[in-house]
Amino acid sequence: MNSRNNNTISKGVDWLVIWLYAILVAIGILCIFMVEYKPGTDWLQTFIAGKTNYSKQLIFLGVCVVVATFILLADSKLFTTFSNLLYAFGILLMLATFVVGKNINGSKSWIPLAGGFNLQPAELCKIFTALALSKFLSRQETDFTNIKSQIIGAVIALAPAILSIFQNETGLALVYFSFFIAMYREGLPPALLIVGISFGVLVVATLIVDKNILAIALTVIALLAIYILRRYIKRQKSILTIIVAVWFICVGVQRFAVPYIFNNVFQCYQSTRIYSMVGKDYDCTQNHHKSKSNSDKPSKKPDDYNVRQSKIAIGSGGLWGKGFLKGTQTRGKYVPEQHTDFIFTSLSEAFGLVGCVIFLGLYLLLLFRIVRIAERQRSTFSRVYAYSVASIIFFHITVNVCMTVGLFPIIGIPLPLISYGGSSLLTFTILIFILIRLDADRQMVLR
C-alpha cells in the first residue's frame, strides 16, 4: 500500500516532456548568465545573492518546481471543474491592471507584488483560456460544426486578446490567435483559416506594393476568376456576386482599412516596426498618436538598431559559435533586451548555427511529443488542451525567432522557458504540467 502511494506522483507521467522542460529551462538560465556575468566575480555567490537576473530566474524555477509538484499531485478533475471559474478570475485580473496596474515599458499590464516582483495577468490568462476552451469544446451539447459554437469558441479565445490590446500588449494579444489551431483540429472550417491567411497576405502586399498597382492587380485577379468560372456563373449568378463582393472588400481593405489602422489605431512606433519588417519606412507625420514631445526620428531608430544588432550577433556566431562567455556582441551589451525578447541572439553567438539547430531540435521534439500526447487522449477536454499548449508554444517560438532575425516586427514575445521572467516561466510550467497530469489520467474521460 505504501509503495503504491509513493509512486502516485510518477504513475503514468511522460518523463520525456519533463526532461525536455528541465533541459530548456537550464539552457535559459545559462543564456541569461552568459549575458550578465561579469568576469572576476564569484559566480556561485551571485547565484545565491538573488540580485542578478539569472539568480532571480533560479528563484522563479524553485517556485515553478513547487507548483509543478502540486499539479502532479492534484486530481485531474479539478482542472475541468474549475476551468470556467479560473477563466473568469483571469479576466478579472486583466481588468484589475487598469486600476492597480504598473506601467512597464509603456505597457500597463503588470500587477506589483511583494518583494519587487510583478505579475502579468495576460500571461496567466493563456492557461485559463486553454482550460475554458477545452471545457466548452468537450461538452456533449457542443456541436463545433455549428456557427454559434464556433463564435462562442472564438469569443473565449479572443476576449483576453482584446483586453491585452487595451493594455498596449499587442504581442501577447496575437498569442491568443494560436487557439484557432486547436479549434481547427476540432472541426473549425479550413475556409476560415484560408481567409485569415489571405487577409495577412493582403495587408503585407498593401505595405509593399503601390496602392494603385495593387488595386489594378486585384481587379485583374477578379476578372480572371470571372472568366475561368464563366460557365458556373451562367448556372448560378450568386458566384458572380461573391467574386464582386470579395473584390470590393479587398480593395476597401488595402485602400482604406489598412491605412486607417496604421495611422489612427497603432502607435507610431508600432507602425514603424511593422513597416521596417518589410523593408519600408513609415512616415510618422501621418500617425495621429505620435508624441508631440519627441521627434519622429528617435522612434524609428531603436527598432532598426535592435534588429540590426541582433542580426550582427547571430551572424557573428558562424557555424560553431564563439564559445561560452566569449560573445562580443551580447557580452558587450550591444543587443538590447538580450535577456528577454532577444535571448536567442546570445545562444546563437555563443554556439553558432550548430547550436541553434540542436536547440530548435529540442523544441521540435517537445512539440511533436505534445502532439503525440494529444492524439492518444480519450477525452476531448485533454486533447483540446494539449493542442492549445502546442499551439501557444509553437507561436511563441516562431514569432520570437523570426523577430530576432528581422522576419517579424518586435512585439515583445518571450522565448518559452528560455527568456527571463517569472510570469512567463510560471505560465509555461503550469501549461506543460497540467498537460502531463491530464495525460497521466488519459484513461479517464474528462468533461
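The values are calculated or read from the model by the stated rules, or taken from the named source; none is laboratory data. Just so you know, these numbers come straight off a predicted model, no measurement behind them. All Cβ positions, glycine included, derive from the backbone under ideal geometry; neighbour counts span all protein chains shown.
Structure summary
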read-out: The stretch 122-144 - residue that is charged (D, E, K, R) and part of a helix (DSSP H, G or I) and, of those, farthest from the chain's Cα centre (by Cα); value: Lys135
read-out: Breaking point among (1) of a type in the set (S, T, N, Q); (2) closer than 30 Å to Leu438 by Cβ; (3) buried (at least 24 other Cβ atoms within 10 Å of the Cβ), for Ser348; value: (2)
read-out: Whichever residue in the stretch 227-276 is in contact with a helix residue (DSSP H, G or I) (Cβ under 9 Å, 6 or more places away or on another chain) and among the hydroxyl-bearing types (Ser, Thr, Tyr) and, among such residues, is farthest from Ser164 (Cα to Cα); value: Tyr232
read-out: Counted residues, the stretch 192-229 - those being over 23 Å from the mean Cα position of the chain (by Cα) and of a type in the set (Gly, Ala, Ser); value: 5
read-out: Qualifying positions in the stretch 316-345 - exposed (fewer than 15 other Cβ atoms within 10 Å of the Cβ) and in a helix (DSSP H, G or I); value: Thr328
read-out: Matching residues, the stretch 89-121, being of a type in the set (A, V, I, L, M), modelled with pLDDT of 85 or more and within 21 Å of the chain's Cα centre (by Cα); value: Ile91, Leu93, Met94, Leu95
read-out: Sole residue being crowded, with 21+ Cβ neighbours inside 10 Å, aromatic (Phe, Trp, Tyr) and within 30 Å of Ser76 (Cβ to Cβ), chosen from Tyr420, Tyr385; value: Tyr385
read-out: Residue count for the stretch 66-75, restricted to those that are under 21 Å from Cys125 (Cβ atoms) and part of a loop (DSSP other than H, G, I, E, B); value: 1
read-out: Checking Asp143 against (1) among the acidic types (Asp, Glu); (2) within 28 Å of Leu425 (Cβ to Cβ); (3) out of contact with any strand residue (DSSP E or B) (no Cβ under 6 Å at 6 or more places or on another chain), the condition it does not meet; value: (2)
read-out: Which listed residue is modelled with pLDDT under 85 and under 29 Å from Cys250 (Cβ atoms), from Lys211, Lys148; value: Lys211
read-out: Failed item, numbered, when Val384 is tested on (1) out of contact with any helix residue (DSSP H, G or I) (no Cβ under 7 Å at 6 or more places or on another chain); (2) modelled with pLDDT of 85 or more; (3) over 16 Å from Leu415 (Cα atoms); value: (1)
read-out: Residues located in the stretch 312-358, provided they are under 17 Å from Tyr54 (Cβ atoms) and of a type in the set (Gly, Ala, Ser); value: Gly327, Ser346, Ala350
read-out: Lone qualifier among Leu431, Leu360 - being surrounded by 19 or more Cβ atoms within 10 Å (Cβ to Cβ) and at negative phi; value: Leu431
read-out: Leu95 free of Cβ contacts under 8 Å to residues at least 12 places away in the same chain, assigned to a helix (DSSP H, G or I) and either under 30 Å from Val13 (Cβ atoms) or among the hydrophobic types (A, V, I, L, M, F, W, C) (or both); value: no
read-out: Selected residue (only one of Phe395, Phe428, Phe408 is in a loop (DSSP other than H, G, I, E, B) and within 15 Å of the chain's Cα centre (by Cα)); value: Phe408
read-out: Number of positions in the stretch 111-169 that are of a type in the set (S, T, N, Q), in contact (Cβ under 8 Å) with a residue 24 or more places away in the chain and more than 20 Å from Ile434 (Cα to Cα); value: 7
read-out: Residue check, Glu123 charged (D, E, K, R) and under 20 Å from Gly422 (Cβ atoms); value: yes
